[in-house]
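S.K.: One structure coming up, written as C-alpha cells, with questions to follow.
The values are calculated or read from the model by the stated rules, or taken from the named source; none is laboratory data. Since the structure is predicted, the reported quantities are computational estimates derived from the model, not experimental observations. Methodologically, a virtual Cβ is constructed for each residue, glycine included, from the backbone with ideal geometry; neighbour enumeration extends over all protein chains shown.
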Amino acid sequence: MNDHWLFIGAGYGITWVALCWYLLRLRRRERAVAAASGRGGEGARAGGPG
Amino acid sequence: MNRLTMLGWLAIALIAVGSVLGLVVLPADALQGEVQRLLYVHVPVAWVMMLAFFVVFLMSILYLVQRRLKWDLLAVSAAELGVVAAVLTLILGTLWGRPTWGIWWAWDPRITTTALLVPIYTGYLVVRSMAEDPDRRARWAAVIGLIAFVQVPIVYLSVFWWRSLHQPPSSPQSMWSAYGLVMLLGFVAYTLAFAYLWLRRYRLAATELELELSGPEEG
C-alpha cells in the first residue's frame, strides 16, 4: 500500500511542475515580446503568480 | 493588484487547499485505498482539457462568423492549454492505473480516444505555424478547430458506448459527500487556473500579433 504514495506524489508533483513550467514559459515569452515591442519590463508587470 | 492577477492567486490558493484536503485530510477510499487521492487531480484536469477544446470549438465558430482575429487568438490560447491538460490527464491516469489495474497502459476506448486528442490538437497548432498570413492562418485553424472537436464527445461517451476497463465518469454527485466536495473544489480550482492562464496567454498572443502586423522594421 505504501508504494501507492509514490504514484500519488508523482501525480501531484508532475501537475504542479507542469503548471509552474507553463507559467514560467508564458512569463519568458511576455518579456521577450515586451522587449521586442520596446515596452521593456511590461511583460514582467503583466504579472500575477509567476 | 488587477483582476487577472487576483484570479491567478485565487486559483493557486484553491489548488493548494484542494491538495491538502485530498492528500492529508480525507481518509483513504475503502475500495481503492490511498491511490484514489489522484482522482482529485486527474478528473478536474480532464475536465479542463474538455473545456479548453470546447472553447477552441466555440471561438472557431465565432471567428468563421465574424472574421475577427480576436476569436482566433482566444482559440489558439485555449488549444495550447488543452494539449498540456490532455498530456497531464494521460500521465495522471497512467499513475492511477498502474497500482489500480496493474498496468501502465491499455488500449481502452477512453484512454485511446483521449490520447488521440494530443496529436489532433498538436496538429492544429502545427498547421497554424505553416500559414504566414494571419487571416489565412485563422481561417485554416478555425476549420480544423471545428472538425477536431468531433473527437471530444467521443472521448466523453466512450465509457458508455464501450464498457471497457475505464470506469464511467467520476463526478461530485457520484461520490460520498466529503470526497465529492474536494472533487468539486478541484473542478473550481483548475477551471480558475485555466481561465487565468488562458486570458494571460491571449494577451500575449494579441501583443505578438500586433508586433507581427507592425513589422520588424518598426520595432
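S.K.: Can you tell me which residue in segment A:27-38 is farthest from B:SER77 (Cα to Cα), limited to those that are within 7 Å of another protein chain (Cβ to nearest Cβ) and of a type outside the set (D, E, K, R)? Steps first, please.
M.R.: Going residue by residue through segment A:27-38, those that are within 7 Å of another protein chain (Cβ to nearest Cβ) are A:29-30, A:33, A:36-38.
Still in the list and also of a type outside the set (D, E, K, R): A:33, A:36-38.
On the way: A:VAL33: 16, A:ALA36: 20, A:SER37: 20, A:GLY38: 23 Å.
Top of the filtered list is A:GLY38.
S.K.: Give the number of residues within segment B:127-161 that are among the hydroxyl-bearing types (Ser, Thr, Tyr) and farther than 13 Å from B:PHE54 by Cα.
M.R.: Summing the residues that are among the hydroxyl-bearing types (Ser, Thr, Tyr) and farther than 13 Å from B:PHE54 by Cα in segment B:127-161 gives 2.
S.K.: So, B:GLY33, is that one among the small types (Gly, Ala, Ser), under 30 Å from B:TRP161 (Cα atoms) and surrounded by fewer than 23 Cβ atoms within 10 Å (Cβ to Cβ) or not?
M.R.: Details: among the small types (Gly, Ala, Ser): yes; under 30 Å from B:TRP161 (Cα atoms): yes; surrounded by fewer than 23 Cβ atoms within 10 Å (Cβ to Cβ): yes.
Here the answer is yes, as B:GLY33 does meet what is asked.
S.K.: Can you run down the residue pairs with Cβ atoms below 9 Å, 6 or more apart or on separate chains, where the first is in segment B:45-57 and in contact (Cβ under 8 Å) with a residue 40 or more places away in the chain and the partner is charged (D, E, K, R) and in a helix (DSSP H, G or I)?
M.R.: So the pair list comes out as B:ALA52/B:GLU80.
S.K.: Still on this structure, please answer the following. Return a yes/no flag: does segment B:65-74 have any residue that is closer than 15 Å to B:VAL41 by Cβ and either of a type outside the set (D, E, K, R) or in contact (Cβ under 8 Å) with a residue 12 or more places away in the chain (or both).
M.R.: Let us first name the residues in segment B:65-74 that are closer than 15 Å to B:VAL41 by Cβ, namely none.
No, segment B:65-74 has no match at all.
S.K.: Right, next: Can you find even one residue in segment B:176-198 that is modelled with pLDDT of 90 or more and farther than 30 Å from B:VAL25 by Cα?
M.R.: In the first step, residues of segment B:176-198 are kept if they are modelled with pLDDT of 90 or more; the result is B:181-198.
Filter once more, so that each one left must be farther than 30 Å from B:VAL25 by Cα: B:198.
Yes, the conditions are met somewhere in segment B:176-198.
S.K.: Could you check segment A:1-26 and list, in sequence order, the residues that are within 15 Å of B:LEU204 (Cα to Cα) and more than 9 Å from chain B (Cβ to nearest Cβ)?
M.R.: Taking segment A:1-26 as the starting set, the residues that turn out to be within 15 Å of B:LEU204 (Cα to Cα) are A:22-26.
A:LEU24, A:ARG25 - these are the residues of segment A:1-26 that are within 15 Å of B:LEU204 (Cα to Cα) and more than 9 Å from chain B (Cβ to nearest Cβ).
S.K.: Farther than 15 Å from B:TYR202 by Cβ, part of a helix (DSSP H, G or I) and free of Cβ contacts under 8 Å to residues at least 24 places away in the same chain, is that true of B:VAL83? Show your work before the answer.
M.R.: Numbers: farther than 15 Å from B:TYR202 by Cβ: yes; part of a helix (DSSP H, G or I): yes; free of Cβ contacts under 8 Å to residues at least 24 places away in the same chain: no.
Criteria not met by B:VAL83.
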